[in-house]
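Below is one structure, written out as structure tokens, with a few remarks after it.
The values are calculated or read from the model by the stated rules, or taken from the named source; none is laboratory data. Being a predicted model, the structure only gives us computed values, none of them experimental. No Cβ is skipped: glycine too gets one built from the backbone with ideal geometry, and neighbour counts run over all protein chains shown.
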Amino acid sequence: MKIQRIVLITGNAGKMEEFKELIGLDQLQFGYQSLNLPEIQSLDVREIGQFKTREALTKIEELGVFDAVLTDDTSLCADALNGLPGPLIKWFLDRLGAKGLIKLIDDKENGASVTCLLSLGITKNREIIQFEGTVRGKLVSPKGSYGFGWDPVFMPDGSELTYGEMGAAEKNKISHRAVALRKLRDWLVSQLGS
């Protein structure tokens, strides 16, 4: 089955436009839908993505106009915290903020990795295909005002700038989301040709 119509599960139209631009396949139609989906609490981002995408498939079937749903999950793993907060980053930021996150690792190893997991759920057969992008780096004192959440405290390896100091164009060349989107794009190109 060729996938031509994808609905991104988000409440953010800007994110849909970013995905469309980064994937860059004119033959695909994108939409977005804000759904209130339950999320399981797990330290395994793949398990969270599977669950959330199954829930989205069930809810989106009622619309019947899309070939696939796409969900997006993010994880930030601090080496000093044995991989925490991982996929629970949203809750850590909600309670501690970016500065509080940095305080947790004061005087400790500052290595970290960030992961974007894109889960594509195909409506016809309910198959879920996942695309993961991970970037290594370190956690530093907040710098910059671009982006959101933890962007000002994550500095990718090989860069002297945090995500928060990078403009969107620069960040989109190297980010964990860009890596995952390139993998998704390659898969879409291969299936569009079949």
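Within the range 1-39, count every residue that is part of a helix (DSSP H, G or I), within 17 Å of residue 178 (Cα to Cα) and of a type outside the set (D, E, K, R).
5
Can you tell me which condition residue 158 does not meet? The list is (1) modelled with pLDDT under 95; (2) more than 24 Å from residue 12 (Cα to Cα); (3) exposed (fewer than 13 other Cβ atoms within 10 Å of the Cβ), and all the others hold.
Against the list (1) modelled with pLDDT under 95; (2) more than 24 Å from residue 12 (Cα to Cα); (3) exposed (fewer than 13 other Cβ atoms within 10 Å of the Cβ), residue 158 comes up short only on (1).
Of these, 30, 92, 66, which one is out of contact with any Ser or Thr (no Cβ under 8 Å at 6 or more places or on another chain) and surrounded by 20 or more Cβ atoms within 10 Å (Cβ to Cβ)?
Residue meeting the stated conditions: 92.
State whether the residues of the range 50-57 include one that is among the aromatic types (Phe, Trp, Tyr), closer than 29 Å to residue 2 by Cβ and within 19 Å of the chain's Cα centre (by Cα).
Yes, some residue in the range 50-57 is among the aromatic types (Phe, Trp, Tyr), closer than 29 Å to residue 2 by Cβ and within 19 Å of the chain's Cα centre (by Cα).
Assess whether residue 47 counts as being on the phi < 0 side of the Ramachandran plot, part of a loop (DSSP other than H, G, I, E, B) and free of Cβ contacts under 8 Å to residues at least 60 places away in the same chain.
Answer is no for this residue.
Of the residues that sit in the range 1-27 and are free of Cβ contacts under 8 Å to residues at least 60 places away in the same chain and surrounded by 17 or more Cβ atoms within 10 Å (Cβ to Cβ), which one is farthest from residue 74 (Cα to Cα)?
Per the stated criteria, the residue is 20.
Taking helices (runs of 4 or more DSSP H) that fall entirely within the range 88-193, which contain at least 3 residues that are free of Cβ contacts under 8 Å to residues at least 24 places away in the same chain?
89-104, 168-174
Would the range 178-192 turn up any residue that is under 22 Å from residue 102 (Cα atoms) and of a type in the set (Lys, Arg)?
Among the residues of the range 178-192, not one is under 22 Å from residue 102 (Cα atoms) and of a type in the set (Lys, Arg), which makes the answer no.
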